[in-house]
Amino acid sequence: MLIRLNVNGEWREADVWPGSSLLAMLRDDLGLWGTKNACEQGECGSCSVWLDGDLVCSCLVLAAQAEGRMVETVESLGREGALHPVQAAFLEAGAVQCGFCTPGFEVAVADLLRHDAHPTDETIREALSGNLCRCTGYQKIVDAVHVAADRMGEVAP
Amino acid sequence: MQFFRPSSLREALEIRAAHPEAMPIAGGTDLMVEVNFGRRRPGGFLDVSRLPELREIRREGRTVRLGAGVPYARIIRELPGQVALTQAARTVGSPQIRTRGTVGGNLGTGSPAGDALPVLAAYDARVVLASATGTRTLPWHDFLLGPKRTALAPDELIVATEWEAADGPGSFSKVGTRNAMVIAIAGLSLQLDGAARRVRVALGSVGPTILRAPEAEAFGAGVLDEAGAWSDPRARVPEDAMARFGELVAEAARPIDDVRGTAAYRRHACRVLARRALAWALDDRRAAAMEAAS
């Protein structure tokens, strides 16, 4: 079935199987490989995107349910040479090891900072409880959130 | 495989009657796991996530009516006075799951581990079902029939759940390996109702379906009565009565051994959670009374 949705400000369409997830459509049909496929059961957060502004696991949304809706992926944050402050903070704080979970974490962190500009450690850990990282032990990711929050706070609103 | 995207409840119910093979899907947080792993291949999907009727929260007097398609994140924001329910909502999955998952989904899946379900039981909630030929309202215990078995007919949709807001504190607590992303090993919801002088306790994950603990409830109400705590929230309930309350709740459990925990551990967890939940509720009433007096 033909699905049309707005991804990162651009209307895109693809012919997908009705049981296809939004994650599969983003990666396999639209070539947006920043959103990672790991557990396919909502446990790991690697496939986190925004759907109409809500943070969701794209593996648990049917592509057909996203028809006509606004999707933002990790590719909307920044690109090489023009990193989003959250991405720059991950590099600076050493919050990336193997890197597989990183796009999902960056989306979840950016979502947190949209709602809370200066979160406490406790708030950060709860906000990131849906994202798994098997390398870092999380402390450097928490550090990166503080770096990003400070950096974004310096920019005049 | 067909995909239906109705924009009103009426249209959805007509599709449901004509295409019972189409699986209703809202947030998809349970169903998509089965689909992604090929464990389930529905004959089609009926997307109920755009039905305005399912996304309403209404209050009329003491009655709260919660649309089956309201996600947990909205429950937390919009129903802060329903403390037990918002506590349960906060323990569901993770932020990503709470933006999508719904109480209607917990009901439809009918797992004894659904976090919202002990709360609905402690609220004495009703489940509103609709079909193209009419609606019916069932008490929660007539809807949840067994493990993943419900009274939903093939032509029906879960529209809402409703309950009378209780006059008193309530809570939800659960035991698991971490705070987030955990299927409860045991879950408990307790609700005090000062106007009715009742204690209501419900258990999840410790039986084939959600269980109430009627003997413990009667004992708890009696203990508060003897202590004079219904009329004077500052009155103390004796420690041995608190412990006995926990034992009676544990006796109401019907747990099994499984990968998440043993029956003995689950029973013990019920005892501890029940005693704590009653203590929290009594503390909350005491604090509210002292605040009102000052």
Original post:
Could you list, in sequence order, the residues of region B:2-60 that are under 23 Å from the mean Cα position of the chain (by Cα), more than 28 Å from B:Val182 (Cα to Cα) and outside any loop (DSSP other than H, G, I, E, B)?
Top reply: B:Pro52, B:Glu53, B:Arg58, B:Arg59, B:Glu60
Original post:
What is the residue count in region B:253-292 for residues that are touching a residue at least 24 places away in the same chain (Cβ under 8 Å), charged (D, E, K, R), in a helix (DSSP H, G or I) and more than 19 Å from B:Arg200 (Cβ to Cβ)?
Top reply: 3
**OP:** State whether the residues of region B:90-110 include one that is assigned to a helix (DSSP H, G or I), in contact (Cβ under 8 Å) with a residue 60 or more places away in the chain, closer than 21 Å to B:Gly170 by Cβ and in contact with a Leu (Cβ under 6 Å, 6 or more places away or on another chain).
**Re:** no
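Quick grid of which residues meet (1) surrounded by fewer than 18 Cβ atoms within 10 Å (Cβ to Cβ); (2) among the charged types (D, E, K, R); (3) assigned by TED's automatic domain parsing to the domain that holds B:Pro147:
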position: B:Ala216; (1), (2), (3): no, no, no
position: B:Leu224; (1), (2), (3): no, no, no
position: B:Ala229; (1), (2), (3): no, no, no
position: B:Asp232; (1), (2), (3): yes, yes, no
position: B:Pro238; (1), (2), (3): yes, no, no
position: B:Pro255; (1), (2), (3): no, no, no
position: B:Thr262; (1), (2), (3): yes, no, no
position: B:Arg275; (1), (2), (3): no, yes, no
position: B:Arg285; (1), (2), (3): no, yes, no
**OP:** Please specify each residue of region A:107-146 satisfying the condition of being buried (at least 17 other Cβ atoms within 10 Å of the Cβ), charged (D, E, K, R) and under 18 Å from B:Thr99 (Cα atoms).
**Re:** A:Asp111, A:Glu126
Original post:
Is it fair to say B:Val119 is within 12 Å of the chain's Cα centre (by Cα), part of a strand (DSSP E or B) and buried (at least 22 other Cβ atoms within 10 Å of the Cβ)?
Top reply: no
**OP:** Return the total of residues in region A:130-144 being within 14 Å of chain B (Cβ to nearest Cβ) and in contact with a helix residue (DSSP H, G or I) (Cβ under 7 Å, 6 or more places away or on another chain).
**Re:** 3
**OP:** Please specify each residue of region B:7-54 satisfying the condition of being surrounded by fewer than 18 Cβ atoms within 10 Å (Cβ to Cβ) and either outside the structural domain of B:Leu107 (by TED's automatic domain parsing) or farther than 18 Å from B:Gly108 by Cα (or both).
**Re:** B:Ser7, B:Ser8, B:Arg10, B:Glu11, B:Glu14, B:Ala18, B:Phe37, B:Gly38, B:Pro52
Subject >> Residue that is farthest from the other protein chains (Cβ to nearest Cβ), among those in region A:54-102 that are in a loop (DSSP other than H, G, I, E, B) and within 19 Å of B:Gly93 (Cα to Cα) >> reply: A:Cys101
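The values are calculated or read from the model by the stated rules, or taken from the named source; none is laboratory data. Fair warning: this is a prediction, and the values are worked out from it, not measured in the lab. Heads up, the Cβs are rebuilt from the backbone with ideal geometry, glycines too, and the neighbour counts pull from every protein chain shown.
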